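Down below is the structure, laid out as structure tokens.
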Amino acid sequence: MSIQPLHFIVSDIPVEWRASIDNIRIPENILPPNLPEKANNPESLTKILIDDPSLHNVPVAMDKTEMLLNSATILQKEILNCRLTLETAELKRRKIASNAELIHGECDSQILAEQRLTIFVKSIDSFLHYFDDLEKITLDFKSPLFTVISPDFSSNLQKIEKGIHFFQMNQNYRDAKSFLLRYQSLQNRAVDIISEHISVTLSQITHRLVTNQKSDESIYTKFISVAPTVRRLFSLSEKTSAFSSVLSIYKNSRNTLLTPLISAPINNSPEIRSRASTVLTYARKEYELAKEFFNFNGHPMYTKCFCELINDIGSCFHDCCYSLLMKVNEIKPLCDTCIVLKGDVLQDEIGRIPVASEKLRSQFMRVLKEAQERLIYRSKIASSEFKGDTDRTIELVSLLYCALPRESFSDIASALIKNCLVSLEESSKKFKNAERDIFLLGNYLALHDRMTNFDCQIIGTTTQGIDLEPVNEFLWRILRIDRSFLKNINEMTRTSKSTVDARKELEDSTSLSFQSLTTYATRLILQPLLDLQVKKIQEKPKILSEIQKAIKDLNSNVETGITNLINSRITSKNYREAVISVLKKHLNEVIHETQNSVGNHDDNEIRNAFQQLSERINQISC
């Protein structure tokens, strides 16, 4: 394939080029004058075209694609330039942002520093006034005209309290202790002013009432008139260390008025009840008055002060009663006093005293306890004077039953019963044999019967029930005698063991007396039958003879030896009938035992003889 030569087609040359060609001038000199002798190496056409400036701006017509490519190239360059600009701007923005963040942080630290400084300044301002107030208050208190009615007194006292609290909580400040002492000194001065004003006010009222001897109502109405002022001063001094001493002024002034009214001598024991009512009335009125002066729902010292006042009133009542009780020797007035003081009515009235009822009750209980101690002491002395008088002993026990508490009553009642038993034993020594037994038995039965009216715990063990046992059953139960009847009556001792159970001791003593009486009666009436048992006689004539002898002894001795003594020494008909009934029952048992002991007890004649003896015994009566 041959290479075809390339030729420019004139019609393909752009118009701008042809215009440029037309302007080309042909040089006059074909060769330049300074043409070198030796021609240089020919330059390439391309270099010549490049170096020719006239060819740089040769307009070239571009088609649409070339124009788009050219625009795209230009746009790409612009985009690159924009990118570079943006990257440069981003770097600057980051730098600016970093600097802004540093500046912002510095601003925040400056704001915090400003806030701390502001707080510090405010804190300084918050306590600087404590130093300024100290000087101002000191000047006020130096003035002789500064009193509780001064306009700034209340505010100054509040400032003093705040100043004391501030320096107590901030002792690390310079000279804090010195300022604290100065504030405390001012507070003491304020309390002195308050105390002096209250004392003068109440003292004047008290003096006028005492001097003029006003009625009971006046001692309350006059005080109520100054209550608002004094109450305000109490409220101002609540937070001071000397608050209790301020309140004591009120308490002392009330004691000064009430003591003469309550401490008047009591002449007799019945007046104790009326004096107790008077004390309760004053206590209720004192509470109503104290409500005008005290805020019982506020500081606890108000309640304490009122309780001390009521306790002092109760102490005056106790002192008056004590001096009287130590002079009373009669049992009945002492019992009445104890019954009144321990009664539910009085205790309920005490319970109606608000706030301080227990304080008042404790003083009343002191009086009651001392009255009971006095009553026990006098009862023991009276018991030694009764000399075995069962009626007076039981009468005394009856009085003590309602006057003493269960524990105390149990001890003293047991002691009284034992003293009575000892006295009866001593009194019985002037009698002999059966008369002595009947004397003791009559008194023991009377004492036993009267004791059934009391709870067994007062004179017996707690396991016992109330004794409702009939007398005859009681006598039969305590009849624990040896059936052989060979026991020597002198071997039966009357000395009972020491025990705290007076009821049991009475029963033992009654048992010993009744056993002795039964033994005596058995030997007196049925001695022939006892000989039958001892000698073991089996002969019928001898047995009948002994039975007839027993009937004869019964007819001759029963009235003179037994029933007359019972009638003369046992006053109660019921007791006499019970003793005779149990005695007959016992003698019939002895007859029955003797009948069974003889060998021919089935013999009709012997059986009839025993039957005749038994019928004769059943005819015994008091």
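Bear in mind these aren't lab numbers, they're just calculated from the coordinates by the rules spelled out. This one's a predicted model, so the numbers in the text were calculated from it and none came from an experiment. FYI the Cβ positions are ideal-geometry reconstructions off the backbone, even for glycines, and counts take in every protein chain you see.
If a/c stays under 1.5 just call it rounded; otherwise compare a/b with b/c (prolate if a/b is bigger, oblate if not). Do that for the stretch 103-236, with a ≥ b ≥ c from the square roots of the Cα gyration tensor eigenvalues. Prolate, since a/c reaches 1.5 and a/b exceeds b/c. With a simple spin-label model that places each label point 7 Å from the Cα along the Cα-to-Cβ direction, the separation between Thr147 and Ser621 comes to 10.2 nm. Of all lysines in the structure, the ones whose alpha carbon falls short of 18 Å from that of Lys122, not counting any fewer than 8 places away in one chain, are Lys162. With a simple spin-label model that places each label point 7 Å from the Cα along the Cα-to-Cβ direction, the separation between Leu69 and Leu91 comes to 3.4 nm. When the trypsin sites (Lys or Arg not before Pro) in the stretch 382-437 are filtered for DSSP coil states and for at most 15 other beta-carbon atoms within 10 Å of their beta-carbon, the remaining sites are Lys387, Lys432. Cα convex hull of the stretch 173-362: mean projected area in nm², to one decimal? Projected over every direction and averaged, the Cα hull of the stretch 173-362 covers 13.1 nm². On full extension, the segment bounded by Tyr377 and Arg523 gains 47.9 nm, given 0.36 nm per residue less the C-alpha separation. Length gained on full extension, Asp531 to Lys304, computed as 0.36 nm times the residue gap minus the Cα-Cα distance: 73.0 nm.
Listed by Cβ neighbour count within 10 Å, with the fewest neighbours leading, Phe179, Phe120 appear as Phe120, Phe179.
Net length available on complete extension from Lys239 to Lys540 is 97.0 nm, with 0.36 nm assigned per residue and the Cα-Cα distance removed. Cross-link partners of Lys549 among lysines, defined as those whose alpha carbon lies under 23 angstrom from its own and excluding same-chain residues fewer than eight positions apart: Lys487, Lys535, Lys536, Lys540, Lys584, Lys585. Here's the list of lysines a cross-link from Lys542 could span, going by alpha-carbon distance under 23 Å and ignoring same-chain residues fewer than 8 apart: Lys552.
For the stretch 133-150, 3J(HN,Hα) computed residue by residue from phi via the Karplus equation (6.51, -1.76, 1.60; θ = phi - 60°) reads 4, 4, 5, 5, 5, 4, 5, 4, 6, 6, 6, x, 8, 7, 10, 5, 8, 5 Hz, glycine and proline entered as x. For Thr221 and Tyr401, a Förster radius of 51 Å and the Cβ-Cβ distance give a FRET efficiency of 0.60, rounded to the nearest 0.05. The residues neighbouring Phe431, those whose beta-carbon lies less than 10 Å from its own, together hold a net charge of +3 under the Lys/Arg +1, Asp/Glu -1 convention. With a simple spin-label model that places each label point 7 Å from the Cα along the Cα-to-Cβ direction, the separation between Leu261 and Asp132 comes to 5.3 nm.
With a threshold of 31 Å on the Cα-Cα distance, the over-threshold entries among Lys432/Lys573; Lys159/Lys291; Lys251/Lys332 are Lys251/Lys332. Remark: for residue pairs Lys387/Lys504; Lys327/Lys359; Lys177/Lys239; Lys304/Lys327, the C-alpha separation exceeds 30 Å in Lys304/Lys327.
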